[in-house]
1. For Arg148, work out the one condition from (1) open to solvent by 30 Å² or more (accessible area, probe 1.4 Å); (2) modelled with pLDDT of 95 or more; (3) basic (Lys, Arg) it doesn't fulfil.
2. With the condition kept exactly as written, say whether any residue in the stretch 52-62 is farther than 29 Å from Ser172 by Cα, open to solvent by 70 Å² or more (accessible area, probe 1.4 Å) and over 22 Å from the mean Cα position of the chain (by Cα).
3. Exactly one condition in (1) open to solvent by 50 Å² or more (accessible area, probe 1.4 Å); (2) of a type outside the set (Val, Ile, Thr); (3) modelled with pLDDT under 85 is false for Met358; which is it?
4. Provide a single number: the residues in the stretch 54-77 that are among the hydroxyl-bearing types (Ser, Thr, Tyr) and touching a Leu at 6+ places or on another chain (Cβ under 8 Å).
5. Tell me yes or no: at least one residue of the stretch 168-180 is of a type in the set (Val, Ile, Thr), touching a residue at least 40 places away in the same chain (Cβ under 8 Å) and open to solvent by less than 20 Å² (accessible area, probe 1.4 Å).
6. Of these, Leu43, Leu38, which one is part of a loop (DSSP other than H, G, I, E, B) and either modelled with pLDDT under 95 or open to solvent by 50 Å² or more (accessible area, probe 1.4 Å) (or both)?
7. Tell me, yes or no, whether the stretch 189-197 has at least one residue that is of a type in the set (Ser, Thr, Tyr) and closer than 21 Å to Trp307 by Cβ.
8. Output the residue which, of all residues in the stretch 68-105 that are β-branched (Val, Ile, Thr) and assigned to a strand (DSSP E or B), is most open to solvent (accessible area, probe 1.4 Å).
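The values are calculated or read from the model by the stated rules, or taken from the named source; none is laboratory data. Predicted model, so just to flag it, every value in this text is computed and none were measured. Here the Cβ positions follow ideal geometry from the backbone for every residue, glycine too, while neighbour counts run over all protein chains shown. Please note that ligands, DNA and RNA were not included when accessible areas were found on the heavy atoms of the full protein model with its side chains. Shrake-Rupley method; radii C 1.70, N 1.55, O 1.52, S 1.80 Å.
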Amino acid sequence: MSAQLPANLSEETVREISDARDEPEWLLEARLEALDALDDLDLPDVIQTPGRRWTNLEALDFESLVDPLNQSDETVREAPDDVVVLPFTEALDEYGDLIEERFGSVIDLEENYLTALSAALFTTGTFVYVPEGVDAQDVKVRAEMNSRSLFSHTLVVTEKSSSVTILESIASGEDADEERYFSNLVEIAAGENSYVQYGSLQNLDEDTYTYTLKRGDADTYATINWIEGNLGSRLTRSDIETELNGDASETKIVGAFFGHDDQHFDVNARVWHQAENTTADLVTRGVLDDEARSVYEGVQDVGRDAWSTNSYQRENTLMLSDESEADASPKLIIHNHDTEASHAATVGQVDKEDLFYMVSRSIPELQARNMLVEGFFVPVLDEIEVDEFRDDLEELIAARLK
């Protein structure tokens, strides 16, 4: 089902955004093609069962949420000297040919209504380029959203035998007394034998609707690891995906979410095994309190020529109240017999025996429950190799528990 186009969205609007940024003609054309496609595109697929859509994206009122010409953000970028980390506007001057080659090469910008809307309107984002052989740590992108709507596009390109760790965070800046919309597209083109670790922490205020699609293309011997933490936003649709297109490529997708009040998380992890000797590991844990709701879909798709595949998936959701609700749909799609794969998903509540045991040892019930929740997240936190990201996530979890 498609969405209603905002009345203030036109070719003139898109040209004004592009002109203000002094963009090359090819990028303006890409924006306009995305704009033209909107009329024919549907919203992203959501899981459906008879009589029910698990996430109601149709309820989003883009007419009021999207204000294309009033986008505002405060973004700080930190990086070592041997890696290029620039806003798109600055990067186009020096790296225009490379950006033109790679922009929209990992994500089809006209994949769905929300990707096309983002491609047509984005005003912020980052270009990360890691030259051959460079080992770059501690690339940080901290963004504040200060407008009703904000569209972001990030492109990461790593050359042969390079590596990079990127930590991205998004939070609300100015206090908002209105509903907001944030869109974030991230493309990673990982060259031969390169390593990319991309961590993203979303803690937007709970009047915000969030859509993010992050996808990586892994070449031969390349590794793309994702860490995705979601605590903010009223409705979050998060798609984290890797295409293992090179032999012996690898990916790990680690996710954590913690919802309360009436927050809704639609969280998806997907991997496509397209080459031989590829490996994937998908680990997600979430906690729900009050009337919060989660939907999870994990897909491991093993192609006909993806011989000697190893692919594993596990998702666990813990509910702290009787009013919270969680659904999970793990999927294995296997097209050859030389595959080792598994998938599992569980939904449950705090173990009453564990809670009773701790209370009987003089631990107050609320403290005992919080300790069990913190323990529940440990298997995901242990998968996070970046100390700073793990510490930030632990702090947000602890604050939510208080």
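1. For Arg148, the exception is condition (2).
2. yes
3. Among (1) open to solvent by 50 Å² or more (accessible area, probe 1.4 Å); (2) of a type outside the set (Val, Ile, Thr); (3) modelled with pLDDT under 85, Met358 violates only (1).
4. Filtering the stretch 54-77 for residues among the hydroxyl-bearing types (Ser, Thr, Tyr) gives 55, 64, 72, 75.
Next, only the ones that are touching a Leu at 6+ places or on another chain (Cβ under 8 Å) stay: 55, 72.
Counting residues in the stretch 54-77 that are among the hydroxyl-bearing types (Ser, Thr, Tyr) and touching a Leu at 6+ places or on another chain (Cβ under 8 Å) gives 2.
5. Quick first cut of the stretch 168-180, residues of a type in the set (Val, Ile, Thr) only: 170.
Pick out the ones that are also touching a residue at least 40 places away in the same chain (Cβ under 8 Å) and you get none.
No, that holds for no residue.
6. Working: Leu38 fails: part of a loop (DSSP other than H, G, I, E, B).
Every option except Leu43 fails the conditions.
7. Quick first cut of the stretch 189-197, residues of a type in the set (Ser, Thr, Tyr) only: 194-195.
Those still in the list that are closer than 21 Å to Trp307 by Cβ too: none.
No; the residues of the stretch 189-197 include none that is of a type in the set (Ser, Thr, Tyr) and closer than 21 Å to Trp307 by Cβ.
8. Applying the first criterion (β-branched (Val, Ile, Thr)) to the stretch 68-105 yields 75-76, 83-85, 89, 99.
Subsequent filtering for residues that are assigned to a strand (DSSP E or B) retains 75-76, 84-85.
Values: Thr75: 34, Val76: 75, Val84: 25, Val85: 23 Å².
The qualifying residue most open to solvent (accessible area, probe 1.4 Å) is Val76.
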